[in-house]
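To keep things clear, I will list the structure first and then write my remarks on it.
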Amino acid sequence: MGEQAVALAKAVKYSSAGTVEFLVDSKKNFYFLEMNTRLQVEHPVTECITGLDLVQEMIRVAKGYSLRHKQADIPINGWAVECRVYAEDPYKSFGLPSVGRLSQYQEPIHLPGVRVDSGIQPGSDISIYYDPMISKLITYGSDRTEALKRMEDALDNYVIRGVTHNIALLREVIINSRFIEGDINTKFLSDVYPDGFKGHKLTENERNQLLAIASSLFVAFQLRAQHFQEHENSRVPIIQPQVANWQLSVKLHDEVHTVVASNSGPTFSVEVDGSKLNVTSTWNLASPLLSVSVDGTLRTVQCLSREAGGNMSIQFLGTVYKVHILTKLAAELNKFMLQKAAEDTSSILRSPMPGVVVTVSVKPGDVVAEGQEICVIEAMKMQNSMTAGKTGKVKSVRCKAGDTVGEGDLLVELE
């Protein structure tokens, strides 16, 4: 490949940094795809394993200087891998665009062997008209195993709030056995996730860890709420409730689990459906990242949101899980609350993302078949076809070509 790329550059008298792309088949035959007359976004991988600054070399050549290196002088040490972190929703066709404003942004550059190339800052707007890339996340190690493990840790320690991102999918790919073994092709996503990406599938042990961490967080927040500054000097007597064991009802994936938690200093003893776990942390609830030890296994979690009604969103192993936690008494009373009826999504078409309506193919009274194109939404330079969820007659059309729509906006309604 290298010889062919150099031969191509010489044939067109090209004298700068460039990138030649090839496709490779299952028998390791390779075929020319295209050449980009610039550095590609993957160039940090080359820089990590060679120790060269390719940007500097490109600028020197543009100034008229000759290259300072021969091919034989360039070493290859270790292994590097790059993830493109995008403002995309991986649960929608593996990555429909997401827009918004970054309310909080923290790169994992404190970890060893991690590099982040990004121009993003907290407060940056992600628009439907621009490239949704947030950053290039690169990890480097002595071998592939170490580089992938560092990438796993880096993704867990990446804080991105305000927009939906693809970290969950990136993390699942790098821990997939096929990817680790190098058994990959251009159909990898459709082969591994034939029904679409659903997030990390928890093992029983991982599920218990998540429930134990969520319960410990719930109790930690409750304990913090019982204290306020200088309460010891208050003239109003404070009665502190003495709770030895917190009996909780925790709902995850429509399954309700019985949890009993108690704490001794930084360690919580948690019993989940009869299984006992010890959860230890500094419990710095103001930090976006929380390092937790569950029976000696280290986990980095993020509490993304917490509501008074018991709803809590926790990023665990890359995936965001919605957990509903109530005390035993509150759970018993909650049974009498009315539940909101689910919307019939087969009769309506809502925009899955913010964007601009390019075309609308139907009008009220038209009969459409299941899977028929209804309209086209453009976002992030991509056009997305919106189709009917069932066969039926169009009742109303709520958009027209040129309209700007938001995620969840009603586009078309069927009878």
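The values are calculated or read from the model by the stated rules, or taken from the named source; none is laboratory data. What you see is a predicted model, and the numbers here were worked out from it, not measured in a lab. All Cβ positions, glycine included, derive from the backbone under ideal geometry; neighbour counts span all protein chains shown. We work out accessible area using only protein heavy atoms, side chains counted, and drop any ligands, DNA or RNA first. Shrake-Rupley method; radii C 1.70, N 1.55, O 1.52, S 1.80 Å.
What to note about this one:
- Angle of helix 204-225 to the longest C-alpha principal axis of the chain, folded into 0 to 90 degrees and rounded to 10: 60°.
- Most mobile of 106, 226, 209 in a GNM of the chain (Cα contacts under 10 Å): 226
- Each Cα pair under 8 Å and six or more residues apart adds its separation to the average, and for region 295-415 the resulting relative contact order is 23 percent.
- Set of aspartates and glutamates near residue 28 by C-alpha distance (under 15 Å), chain-local residues within fewer than 8 positions excluded: 183
- Remark: relative contact order (region 1-129) = 15 percent; criterion is Cα-Cα distance under 8 angstrom and separation of 6 or more residues.
- The count of lysine pairs in region 248-360 whose Cα atoms are under 20 Å apart, excluding pairs fewer than 8 places apart on the same chain, comes to 8.
- Local electrostatic count at residue 411 - Lys and Arg +1, Asp and Glu -1, tallied over other residues with Cβ under 11 Å: 0
- Taking all Cα pairs closer than 8 Å and separated by 6 or more residues, the relative contact order of region 120-225 comes to 16 percent.
- In order along region 298-303, the Karplus-derived 3J(HN,Hα) couplings, from 6.51 cos²θ - 1.76 cosθ + 1.60 at θ = phi - 60°, round to 7, 10, 10, 10, 10, 8 Hz, and Gly and Pro are given as x.
- Under 17 Å from a label point set 7 Å out along the Cα-to-Cβ vector of residue 227, the amide N atoms of region 287-302 belong to 287.
- Distance from region 1-51 to region 241-316 (C-alpha centre basis), Å: 49
- Surface composition of region 32-91: carbon plus sulfur atoms contribute 55% of the solvent-accessible area (1.4 Å probe, protein chains only, all chains present).
- Residue 76/residue 187 FRET efficiency (R0 35 Å; Cβ-Cβ; nearest 0.05): 0.75
- Gaussian network model of the chain, springs between alpha carbon atoms under 10 Å - residue of 346, 98, 293 with greatest fluctuation: 346
- Placing dummy labels 7 Å off each Cα toward the beta-carbon, the span from residue 291 to residue 373 is 5.2 nm.
- Estimated vicinal HN-Hα couplings, Hz - region 373-381 in sequence order (Karplus 6.51, -1.76, 1.60; Gly, Pro = x): 5, 9, 7, 10, 10, 10, 8, 6, 6
- Ranking 402, 85, 388 by Cα position along the charge dipole of the chain, where only Lys, Arg, Asp and Glu carry charges on their C-beta atoms, puts 402 farthest toward the positive end.
- Cβ-Cβ distance of residue 195 and residue 262, R₀ of 60 Å, FRET efficiency by 1/(1 + (r/R0)^6): the value works out to about 0.90.
- Solvent exposure of the chain amounts to 57 Å² per residue of accessible area, where only protein heavy atoms count and the probe is 1.4 Å.
- Sorting the segments 402-411, 167-176, 38-47 by their residues' average number of neighbouring beta-carbon atoms within 10 angstrom, most packed first, yields 167-176, 38-47, 402-411.
- Length gained on full extension, residue 338 to residue 273, computed as 0.36 nm times the residue gap minus the Cα-Cα distance: 20.7 nm.
- Within the same chain, aspartates and glutamates fewer than 8 places from residue 400 are excluded, and of the rest, those with a Cα less than 17 Å from its Cα are 366, 373, 378, 409, 413.
- J(HN,Hα) series, region 388-393, from Karplus relation 6.51 cos²θ - 1.76 cosθ + 1.60, nearest Hz, glycine and proline x: 6, x, 7, 7, x, 9
- Separation between Cα centres of region 83-132 and region 155-217, rounded to whole Å: 17
- Charge tally for residue 185 (other residues, Cβ to Cβ under 15 Å; Lys, Arg +1; Asp, Glu -1): 0.
- Proximity of backbone amide H atoms, modeled 1.01 Å from N, is registered between residue 316 and 321 at under 5 Å, excluding neighbours fewer than 5 places apart on the same chain.
- Most mobile of 201, 27, 381 in a GNM of the chain (Cα contacts under 10 Å): 27
- Cα-centre dipole for the chain with unit charges at Cβ (Lys and Arg positive, Asp and Glu negative), debye to 20: 440
- Other residues whose C-beta falls under 13 angstrom from the C-beta of residue 41 contribute a net charge of -2, scoring Lys and Arg +1 and Asp and Glu -1.
- Solvent-accessible surface ranking, highest first, for 94, 179 at 1.4 angstrom: 94, 179
- Measuring between alpha carbons in the structure, the pairs from 92/381; 92/201; 92/363; 187/381; 27/149; 198/390 lying more than 21 angstrom apart are 92/363; 187/381; 27/149; 198/390.
- Apportionment of accessible area to carbon and sulfur, region 177-222, percent (1.4 Å): 48
- Nearest 10 degrees, 0 to 90: helix 2-11 Cα axis against the chain principal axis: 50
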